[in-house]
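The values are calculated or read from the model by the stated rules, or taken from the named source; none is laboratory data. What you see is a predicted model; the values in this text were computed from it and never measured. Neighbour counts run over all protein chains shown; Cβ positions are idealised from the backbone, glycine included.
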């Protein structure tokens with residue numbers, strides 16, 4: 001009986017014993033270095049991202065992995081950065097007085113709504129307030145019904161109205177509902193759409209700000225979009241705050257759809273700059289000669305969003321979770337795989 005029990009006892013597999021070389025202490029050590037303030041947020045296309053790539057490449061070299069980039073471990077990625085520049089202007093003119101709205105603090109422009117869907121950079125028109133843009137029998141709201149929108153600057157609020165139950169709040173406060181709002185109002189052919197966030201949805205505004213003011217995309221070599229290519233209305237994000245000239249005077253008590261006094265003017269200027277990003281690529285050759293020409297791939301991204309002025313508790317977006325944790329996990333996997341020597345080759349990117 002005792003011999004049978006001993007024979008049936010589970011034994012530690014080679015994979016389990018070797019993967020035990022990945023320890024929390026090791027992951028913490030690497031993550032604290034990779035997401036340290038000295039990396040300055042590893043913004044794409046900057047020397048800080050290059051420094052992060054060098055950190056990863058040096059670790060892989062020490063492990064003895066083969067470089068597989070186009071320049072040792074580095075794979076160059078041609079990118080283009082589009083900055084919204086300070087000469088961008090927004091204002092509301094009402095009866096001879098003009099109130100400026102600040103880029104970044106008050107309004108953020110979306111210069112594209114997707115691949116090839118470019119928005120206009122200049123607009124002017126009377127302001128019409130569309131409430132929450134909701135069409136909901138249960139809430140008794142049909143905010144845009146009968147509202148003349150074409151050729152006007154439409155302001156809508158992204159969020160659940162007062163008195164909404166938990167199900168309605170979950171729906172209308174969701175980040176994804178912003179896309180629903182835009183899909184509803186763009187076919188109405190407004191001169192511009194301004195979406196204002198409530199305290200429940202302002203995280204969308206805060207998180208979108210850096211990428212909207214300084215967007216990075218693959219460099220295709222194509223010329224900048226012409227005015228004729230920009231067929232969609234200007235789209236702006238902002239914050240719903242009492243006293244804003246983009247809201248009814250008695251907001252939030254007065255949230256009815258209505259025409260507002262004044263004319264909105266917007267002018268967005270951009271600057272396009274070619275930059276280079278870097279992937280780090282390495283190969284651990286498989287141990288089986290028949291299988292080593294097939295690959296198992298692991299990937300993570302080493303860049304983040306850099307320094308974000310005005311953020312709290314400090315301005316450095318360290319990117320420990322996005323995606324520092326993934327990057328250092330790949331280093332740990334590489335260390336374990338080097339001992340394990342899998343049959344197939346392993347590609348780390």
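The table below lists the values:
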{"quantity": "Number of the condition not met by residue 262 [criteria: (1) crowded, with 16+ Cβ neighbours inside 10 Å; (2) under 27 Å from the mean Cα position of the chain (by Cα)]", "calculated": "(2)"}
{"quantity": "Check on residue 126, surrounded by 14 or more Cβ atoms within 10 Å (Cβ to Cβ) and not in a strand (DSSP E or B)", "calculated": "no"}
{"quantity": "Matching residues in segment 265-284 - criterion: being in a loop (DSSP other than H, G, I, E, B) and surrounded by fewer than 16 Cβ atoms within 10 Å (Cβ to Cβ)", "calculated": "269"}
{"quantity": "Within segment 315-324, tally of residues that are surrounded by fewer than 17 Cβ atoms within 10 Å (Cβ to Cβ) and either touching a helix residue (DSSP H, G or I) at 6+ places or on another chain (Cβ under 8 Å) or free of Cβ contacts under 8 Å to residues at least 12 places away in the same chain (or both)", "calculated": "3"}
{"quantity": "Criterion violated by residue 157 - all others in (1) more than 25 Å from residue 104 (Cα to Cα); (2) crowded, with 17+ Cβ neighbours inside 10 Å; (3) in contact (Cβ under 8 Å) with a residue 24 or more places away in the chain satisfied", "calculated": "(1)"}
{"quantity": "Candidates 149, 193, 185, filtered to the one that is outside any strand (DSSP E or B), under 30 Å from residue 271 (Cβ atoms) and either assigned by TED's automatic domain parsing to the domain that holds residue 54 or without any contact (Cβ under 8 Å) to a residue 60 or more places away in the chain (or both)", "calculated": "185"}
{"quantity": "Some residue of segment 37-54 being outside the structural domain of residue 202 (by TED's automatic domain parsing) and part of a strand (DSSP E or B)", "calculated": "yes"}
{"quantity": "Verdict on residue 246 being in a loop (DSSP other than H, G, I, E, B), modelled with pLDDT of 95 or more and in contact with a strand residue (DSSP E or B) (Cβ under 7 Å, 6 or more places away or on another chain)", "calculated": "yes"}
{"quantity": "Residues that are at positive phi and either at pLDDT below 95 or buried (at least 17 other Cβ atoms within 10 Å of the Cβ) (or both), drawn from segment 66-83", "calculated": "none"}
{"quantity": "Residues located in segment 55-75, provided they are in a strand (DSSP E or B) and either in the same structural domain as residue 118 (by TED's automatic domain parsing) or over 28 Å from the mean Cα position of the chain (by Cα) (or both)", "calculated": "66, 67, 71"}
{"quantity": "Selection within segment 196-211 - assigned to a strand (DSSP E or B) and touching a helix residue (DSSP H, G or I) at 6+ places or on another chain (Cβ under 7 Å)", "calculated": "197"}
{"quantity": "Residues of segment 85-105 satisfying the condition of being outside any strand (DSSP E or B) and out of contact with any strand residue (DSSP E or B) (no Cβ under 6 Å at 6 or more places or on another chain)", "calculated": "86, 87, 95, 96, 102, 104, 105"}
{"quantity": "Members of segment 245-259 that are surrounded by fewer than 18 Cβ atoms within 10 Å (Cβ to Cβ) and either touching a helix residue (DSSP H, G or I) at 6+ places or on another chain (Cβ under 6 Å) or touching a residue at least 60 places away in the same chain (Cβ under 8 Å) (or both)", "calculated": "252, 256, 258, 259"}
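Conditions (1) over 30 Å from residue 177 (Cβ atoms); (2) not assigned by TED's automatic domain parsing to the domain that holds residue 181, marked per residue:
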| site | (1), (2) |
| --- | --- |
| 219 | yes, no |
| 234 | no, no |
| 258 | no, no |
| 281 | yes, yes |
| 290 | yes, yes |
| 296 | yes, yes |
| 302 | yes, yes |
| 306 | no, yes |
